[in-house]
Amino acid sequence: MCAETVTCEKGNNYKLHKEHTLTDKKDVSVKAVPVESTKAVVVFVGGAGDKESYYFSGPYGNIQEARKYFDERVQDLATEGKYKSDWLGYNQVKGKKDIQRYVLGLIPYKSCPVYIVGHSLGGWNGAHLTKIMSEWGYRVQMLVTLDPVGEGALVWLGSDIYFDRPDPVAANWVNIKATPSKRDSSDGVADFGEKWLITCGPSLNVNVDTNHANALGLFTARIAGNKSAGDLLFDSIMEEFS
């Protein structure tokens, strides 16, 4: 059994991936070759207390709400086998073994467009993930960081996050910072973890009047004319199939 990746280009808009079994040279019968069309893979990475309890608090599933919203929007693509997503905790995308276990298994081939949407500590570790995957030869098309947190020494000591500040590698990066006019307890938690104050790097770097915990609100707020981060993600994915 051997596997061969074949890339066909038509305006750089689609790619093919095929596998076949070697046969005897004398066998001239027609063989069926399974062909896998381009897929878009979106990884939604939650923060502390999102997918599992964090210091006896949660899980809250904040980023899961953003994922459900987006999955419904691209349901037709998913039905056609062109889209899939997963919900991971921030600690599931740190370190080679966890990345191989939880992330790489989602991606059918290295040229497949990958999109990372990270909230809070998930934004911090998700940003690191983009660089690691890019260095491994994967194609990270977009990074969306929703009020990323991770600068504080105390949160680093109690959380499974990278110590160094991220240096993202993605074709497009959208960062959204929560700047609520009416604060709630989640904003205090974010302050304790110390927000990642980003001054340069993103293609779009904006503030949104909503609370830190409201990942769905951050994801759907209008930030570029009449478009949200979710809209920009949708547009990027649809370009793959245009």
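The values are calculated or read from the model by the stated rules, or taken from the named source; none is laboratory data. Worth saying up front: this structure is predicted, and the values here are computed from it rather than measured. Virtual Cβ from ideal backbone geometry, glycine too; neighbours counted across all protein chains shown.
To keep it simple, each residue is scored yes or no on (1) modelled with pLDDT under 90; (2) part of a loop (DSSP other than H, G, I, E, B); (3) more than 25 Å from Lys68 (Cα to Cα); (4) touching a helix residue (DSSP H, G or I) at 6+ places or on another chain (Cβ under 7 Å).
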| residue | (1), (2), (3), (4) |
| --- | --- |
| Glu151 | yes, yes, yes, no |
| Gly188 | no, no, yes, no |
| Ile198 | no, yes, yes, no |
| His212 | no, yes, no, yes |
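Within the bounds of segment 135-143, is there any residue that is more than 22 Å from Gly230 (Cα to Cα), in a helix (DSSP H, G or I) and of a type in the set (D, E, K, R)? Yes: segment 135-143 contains one or more residues that are more than 22 Å from Gly230 (Cα to Cα), in a helix (DSSP H, G or I) and of a type in the set (D, E, K, R). Residue check: Ser134 meets all listed conditions (1) among the small types (Gly, Ala, Ser); (2) surrounded by 21 or more Cβ atoms within 10 Å (Cβ to Cβ); (3) at pLDDT 95 or above but one, namely (2).
Figure legend. Inter-residue proximity from segment 187-202: first residues over 12 Å from Trp124 (Cβ atoms), second residues assigned to a helix (DSSP H, G or I), beta-carbon distance below 8 Å, spacing 6+ or different chains. Indicated pairs: Phe192/Leu154; Phe192/Val155.
Can you find a residue that is without any contact (Cβ under 8 Å) to a residue 60 or more places away in the chain, charged (D, E, K, R) and either closer than 22 Å to Gly201 by Cβ or touching a Cys at 6+ places or on another chain (Cβ under 6 Å) (or both) anywhere in segment 70-86? Let's see the steps before the verdict.
Step one: filter segment 70-86 for residues without any contact (Cβ under 8 Å) to a residue 60 or more places away in the chain, giving 71-72, 75-76, 78-81, 84-86.
Narrowing further to those that are charged (D, E, K, R): 71-72, 76, 80, 84, 86.
So of that shortlist, the ones also either closer than 22 Å to Gly201 by Cβ or touching a Cys at 6+ places or on another chain (Cβ under 6 Å) (or both) come out as none.
No: segment 70-86 contains no residue that is without any contact (Cβ under 8 Å) to a residue 60 or more places away in the chain, charged (D, E, K, R) and either closer than 22 Å to Gly201 by Cβ or touching a Cys at 6+ places or on another chain (Cβ under 6 Å) (or both).
When you look at Lys177, is it loosely packed, with under 14 Cβ neighbours inside 10 Å and modelled with pLDDT of 95 or more, yes or no? The answer is no for Lys177.
This table checks each residue for (1) more than 26 Å from Ile99 (Cα to Cα); (2) surrounded by fewer than 14 Cβ atoms within 10 Å (Cβ to Cβ).
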residue: Ile161; (1), (2): no, no
residue: Val169; (1), (2): no, no
residue: Asp184; (1), (2): yes, yes
residue: Trp196; (1), (2): no, no
residue: Pro202; (1), (2): no, no
residue: Asn211; (1), (2): yes, no
residue: Leu218; (1), (2): no, no
residue: Arg222; (1), (2): yes, yes
